[in-house]
Amino acid sequence: MHFGSFAFFFCSFLINLNRFNVRAEVFTALAELEELLQTESVLINALESFIQTHEQKLAILRRYAEAYQNQHDIAAADVQVYVSNPINAYLLVKRLTTDWKEVQTLIETNAGAEVLHNLTTYRQHLKFPTDEDLNGAAVALTRLQDTYKLDTSSLARGELNGVKYSTELNAADCFELGRQSYNNEDYYHTQLWMREADVRLGREVNETVHRSDILEYLAFSTFKQGNVHLALDLTNKLLELVPTHPRATGNKVYYENSIEKTNLEQRKGDDGTDQVAEVITHPAPLHPDPHRHLYEQLCRGEEMLESHLAAELKCFYYKPKHNKFLQLAPFKVEEAYKSPRILIFYDVMSDSEIALIKRMAQPRFKRATVQNSQTGELETAQYRISKSAWLKDNEHKHIATVSRRVQDMTGLTMKSAEELQVVNYGIGGHYEPHYDFARKEETNAFKSLGTGNRIATVLFYMSDVPQGGATVFPNIKVALWPTKGAAAFWFNLHPDGEGDKRTRHAACPVLAGSKWVSNKWIHEREQEFRRPCDLIQTPSDLTA
């Protein structure tokens, strides 16, 4: 009830009182005055109740405002550093979804008409995250947790691989991570984060979440993971806190029946009369990609190139004879692998070019897509989390210069190359192992371009990445770590046009920092006389 409503209530109350006391003036009798004192007492109690209710809600809102302002001040010191940290990013999204919904609910039940009007206006002009964004941020944190083997308690402390980047998560933050995992039917991470929420709740003076809520999610996710006895124990603890909890009461009976059924089947099996039946309490785990383990090892920097292969790699200057400028200012090149030959060119994109490309791309960003192998249509996918934009050569001289530089670097014409794709990876952004070329069964891929398959890839790194974000090739155990201004180059096809499956690669999740890349995909058409079939997979002038 806002102040205007209370004033209306107060006036209405007095009017109704007067309707019952029209016969005499109140000042003529003490008894009348005494009754008015009773009326005043009621009104004072009503007013005090009104004020107390608002003060309590204002105190909560003030805590939210102070917490928001504290984080906003930290972010303002260096916005890019702040938002590039995945924990900060998760908390920012959470503040503007779950937390802000609580704030809005408080406002709606109080003097909130004007504020709500302003909120409506803000929503028309400002960007607000959605529930889907919150879920995506939570999934990103669990992805980082798995890929980089991050300890749950350390992550909750704001530490990434031993480096503290952000403020700690409170019990409610951890609870929300667990709840999002539960909504995704990811009961493993539900357990991890609900346990952490329970631990942190025990340390909080001002509790941010109810323990009964934690126990409810924890018990059911434990059951879904197959541990019925522990699920029953947790449910009993929940019932100690809330004896009339309806779902817990029903689950307790179900868990007890499941345990009894299991015991009965085991007893039948022991006496030899019946075979023990297997009790399946949760779905069988999915069979993971056999390369997944190696992919994650490479992302963590654990799997290194074999020493005898590394010993063959060289660094050199590339100065083709036909290019007089490069004779004076050759490219600095490092071999990352021999066959398929993967090269890293250093200092091939300037800071001014990078700034311009970022500035042009950002307003056009859309969720990055992948091509459906059956239909050839572009679609979003959970295994590619980033936003991208495409820039044409004729839009700015810097874009055209980058294309000419790619031609100088590779010896391949840009006539059949795709536009420059600019990509920024999101919270825990990644792109799981994939091929850049279209395989035989992908008959519709690149059909609309009419330029054949992708013969080669040039990948520019437009930012340094403090942790994570490597480009890895699981089949050959190679990891390339982002270096601002550098570019990686490799051929995707064998000389006979067949796809080189050794070039299967991935963008590892970004653990800390913001990863910006851009790439030129070069197609087969127009390359016939630039790369004869009998040449090795490198420009002919590219020698040490």
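Would you work out the charge dipole size for the stretch 132-254 about its Cα centre, treating the Cβ of every Lys and Arg as +1 and the Cβ of every Asp and Glu as -1, and quote it to the nearest 20 debye?
Working: 13 positive and 18 negative charges, 60 e Å.
About 280 debye.
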Roughly what would the spin-label model give for Arg439 and Ala329, points 7 Å off Cα along C-beta, in nm? 4.3 nm
Roughly how many percent of the accessible protein surface of the stretch 384-428 is carbon and sulfur, given a 1.4 Å probe and a whole-percent answer? 45 percent
Carbon/sulfur fraction of accessible area - the stretch 201-263, other protein chains in place, 1.4 Å, %: 52 percent
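Given the Cα-Cα distance of Asn475 and Glu302 and 0.36 nm per residue of separation, how much length would full extension add, in nm?
Details: separation 173, 0.36 × 173 = 62.28 nm, distance 1.51 nm.
Taking Asn475 through Glu302 to full extension adds about 60.8 nm, to one decimal.
Give the calculated FRET efficiency between Leu449 and Glu498 to the nearest 0.05, with a Förster radius of 25 Å applied to their Cβ-Cβ distance.
Numbers: r = 19 Å, r/R0 = 0.78.
Efficiency, rounded to the nearest 0.05: 0.80.
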Inter-label distance, nm, simple model (7 Å from Cα along the C-beta direction), Thr130/His229: 4.5 nm
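Just subtract the alpha-carbon distance of Ala400 and Asp78 from 0.36 nm times their residue separation and send over the number in nm, one decimal. List each step's numbers first, then the result.
Working: separation 322, 0.36 × 322 = 115.92 nm, distance 3.19 nm.
Additional length available on full extension: 112.7 nm.
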Accessible area of the stretch 409-479 divided out per residue, in Å², using a probe of 1.4 angstrom: 33 Å²
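Give, in nm to one decimal, the length gained when the segment between Thr105 and Val205 is fully stretched (0.36 nm per residue of separation minus the Cα-Cα distance).
Result for the pair: 33.6 nm of gain on full extension.
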In whole Å, what is the distance between the alpha-carbon centres of the stretch 199-263 and the stretch 292-363? 53 Å
Computed label-point distance, nm, for sites Glu418 and Phe316 using a 7 Å Cα→Cβ extension: 3.0 nm
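About the Cα centre, and with charges only on the beta carbon of Lys, Arg (+1) and Asp, Glu (-1), how big is the dipole of the stretch 202-258? Nearest 20 debye, please. Spell out each step's value before the answer.
Values: 6 positive and 7 negative charges, 23 e Å.
With only Lys, Arg, Asp and Glu charged at Cβ, the dipole is about 120 debye.
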Take peptides 322-335, 165-178 and line them up by average Cβ neighbours within 10 Å, highest first, as a rough protection proxy. 165-178, 322-335
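The values are calculated or read from the model by the stated rules, or taken from the named source; none is laboratory data. The structure displayed is predicted, hence computed values, not measured ones. No Cβ is skipped: glycine too gets one built from the backbone with ideal geometry, and neighbour counts run over all protein chains shown. Accessible surface is based on the protein model in full, side chains and every heavy atom, while ligands, DNA and RNA are left aside. Shrake-Rupley method; radii C 1.70, N 1.55, O 1.52, S 1.80 Å.
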